[in-house]
1. Go through 98, 38 for me and flag whichever is under 28 Å from residue 139 (Cα atoms) and either within 19 Å of the chain's Cα centre (by Cα) or not in a helix (DSSP H, G or I) (or both).
2. Please enumerate the residues belonging to segment 19-35 that are in contact (Cβ under 8 Å) with a residue 12 or more places away in the chain, within 18 Å of residue 287 (Cα to Cα) and either of a type in the set (S, T, N, Q) or surrounded by fewer than 21 Cβ atoms within 10 Å (Cβ to Cβ) (or both).
3. Write out, first by first residue and then by second, each pair whose Cβ atoms fall under 6 Å of each other, whose residues are 6+ apart or on separate chains, and whose first residue, in segment 103-128, is aromatic (Phe, Trp, Tyr) while the second is at pLDDT below 85 and part of a helix (DSSP H, G or I).
4. I'd like the residue in segment 268-312 that is touching a residue at least 60 places away in the same chain (Cβ under 8 Å), of a type in the set (S, T, N, Q) and assigned to a helix (DSSP H, G or I) and, out of all such residues, is farthest from residue 257 (Cα to Cα).
5. Within 21 Å of residue 294 (Cβ to Cβ), at pLDDT below 85 and in a helix (DSSP H, G or I): does that describe residue 104?
6. Exactly one of (1) more than 30 Å from residue 295 (Cβ to Cβ); (2) at pLDDT 70 or above; (3) polar (S, T, N, Q); (4) assigned to a loop (DSSP other than H, G, I, E, B) is unmet by residue 224. Its number?
7. Would segment 70-79 turn up any residue that is modelled with pLDDT under 95, in a helix (DSSP H, G or I) and within 17 Å of residue 303 (Cα to Cα)?
8. Mind listing just one residue for me: the one in segment 70-84 that is in contact (Cβ under 8 Å) with a residue 40 or more places away in the chain and of a type in the set (A, V, I, L, M, F, W, C) and, of those, farthest from residue 158 (Cα to Cα)?
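The values are calculated or read from the model by the stated rules, or taken from the named source; none is laboratory data. Note that this is a predicted model, so its numbers are computed, not measured. As a convention, Cβ positions derive from the backbone with ideal geometry for all residues, glycine included, and neighbour counts pool all protein chains shown.
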Amino acid sequence: MDWNNTTQHYSNHQPDHNKAVTYIMLGITALGCLGNTVAIVMILSFKKFRRSSIAFICHQCFLDLIRGLYGFLYGIYLLNMTAIPACSAVGVTYVLFVTLAAYNLLAIVVNEECEMQRPSANRDKNHFCVVFGIIVLWFTCILIHMGVAFLPKEPEYIPEVGSCIFSYGTPSNLVLHILWIILISMAIFLTLLHFLSMFCRIKYKAKSLKWALIHRSLLRDVFSKQDIDVDPKSVQKSCHSNNLCSHLYLRRIKILSSMAVTFVLFWYPLFLLTIIDHNFTYPKPLYKALTILSWCHPATTSIFVFFILHDMSNKDGLLRRIYSDVYPMMQFYGNPTHHPIINSEWDTVNTGILNNHFSSAETSNDLDPEGQTLLPKESEAANNEETRSIVLTNEAPCTIQTPIIIEQWDCSPTSPGKQRKN
């Protein structure tokens, strides 16, 4: 078929709204390419982002950057209504990059599972494993495409649609097209299933540890004896490290799950139309609209990656926000000047009990008519080396036993929840 005459005739009758849609698609793909490029540069430039847990996410940005360039190329030729040169090579490589992007999402969820179960001290020592995983990913996808017939078999440029991927309406190409859709669906289904399993396990573990800490604090079982002083900041970090890790992992799983869901939203309308309309009889503008929608998908990846990088750079802020979730009756103040005592928001109440009732054997009022102190075992408390002096009211100190030691907990969100013994 002479595509030059066909494209020239179609370009003369192309409506203005079609050009507007194409311009919008070009703008979205350009922003997506820019966003993915910025994300890759940030990950490679800043040391706090150069971690093995972010390697496959960076690889996803690279794949979507390439796919965005393909979409921009398709949009240019669609706008000018000219046939794409070397359609066979362009279609084959584009299908390969789409397959790589789908299976890279599955690699991301597997890597996240390994990162959560690995001790924190060894999380940055598996660079060779990550490189090997990326090589295996590429090799597997290329091998899949070189199965019975290289996917796609005979790409064809359709001027009314603008795509150069599969040839529609041909039985042999339809079978390969459906086979490719099944391969993509397997990767996306396994990704979403694994993310759902991880989310449920971490959510259950976070709730279990939260209520365990609450019960232990109410029963005073969370305290144990120790002869050294404990820094309040280290105690705070020890108490909430588990909650912080669970909170961060839950946020990341939600973001990564959204990446997989957007793949379904942008690609599967075209997939379903291809399966239903096996004779290629539906209106061509419908194919064109759904094809343009699939081209815009790479622009969403950079948005989710920026959310992940933002969480990685704001762990301290997350720690302050979740502090009161562990002990509901405790309130943490990031700025000490906001404390109600400093702001004189709490008024003193005269209960009739003075501090000298706890430090003297004689009372000055009618609270103890027998002349005994309210703290009869003062000598035993005085002999205890692990006592602290606090002030109840006025200026007279008293001594009560309050040892403060927080035991360490396993910070892995997917661990059984046992304590580590030092």
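1. Working: 98 fails: either within 19 Å of the chain's Cα centre (by Cα) or not in a helix (DSSP H, G or I) (or both).
So the residue among 98, 38 that is under 28 Å from residue 139 (Cα atoms) and either within 19 Å of the chain's Cα centre (by Cα) or not in a helix (DSSP H, G or I) (or both) is 38.
2. Within segment 19-35, 19, 21, 22, 23, 26 qualify.
3. none
4. This residue is 274.
5. Numbers: within 21 Å of residue 294 (Cβ to Cβ): yes; at pLDDT below 85: no; in a helix (DSSP H, G or I): yes.
No, not satisfied.
6. For residue 224, the exception is condition (2).
7. Pass one, segment 70-79, residues modelled with pLDDT under 95: 70-79.
Going one step further and asking which of them are in a helix (DSSP H, G or I), we end up with 70-79.
So of that shortlist, the ones also within 17 Å of residue 303 (Cα to Cα) come out as none.
Within segment 70-79 (the criterion being modelled with pLDDT under 95, in a helix (DSSP H, G or I) and within 17 Å of residue 303 (Cα to Cα)), the answer is no, since none of the residues qualifies.
8. Looking at residues that are in contact (Cβ under 8 Å) with a residue 40 or more places away in the chain and of a type in the set (A, V, I, L, M, F, W, C), I get 72.
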